[in-house]
Amino acid sequence: MAYILYEHINHNNILVTEQCGLRNNSTEKASFKVINEILLALNNQLTVVGTFYVLEKAFYPVNLDILLSKYEFYGFRGETNALL
């Protein structure tokens with residue numbers, strides 16, 4: 001089922017290019033983007049400041065009705081939406 005969702009998201013260009021989550025090698029791509037931006041700034045003699053925090057609540061349960069309505073908004077209908 002995850003593969004079907006992934007294919008639908010890619011085929012319909014639902015995610016913006018800056019979105020690293022839900023993509024292959026997402027952690028590596030996100031890390032590369034951060035490091036690349038830092039190095040570009042340093043090469044241009046700019047000051048670099050970073051704020052890092054722990055996302056302890058990032059994976060808390062979500063409201064199922066809201067989630068299903070968002071799936072429907074993005075084109076997941078019929079049997080696919082019923083499976084979800």
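The values are calculated or read from the model by the stated rules, or taken from the named source; none is laboratory data. Note that this is a predicted model, so its numbers are computed, not measured. In this analysis, Cβ positions are derived from the backbone assuming ideal geometry, glycine residues included, and neighbour counts consider all displayed protein chains.
Identify, please: which residue in segment 4-19 is loosely packed, with under 11 Cβ neighbours inside 10 Å and farther than 16 Å from ARG77 by Cα and is, among those, modelled with the highest pLDDT?
Checked segment 4-19; the qualifying residue modelled with the highest pLDDT is ASN13.
Which of the following residues is among the aliphatic types (A, V, I, L, M), at pLDDT 85 or above and out of contact with any strand residue (DSSP E or B) (no Cβ under 7 Å at 6 or more places or on another chain): LEU46, LEU22, LEU55, LEU83?
It is LEU46.
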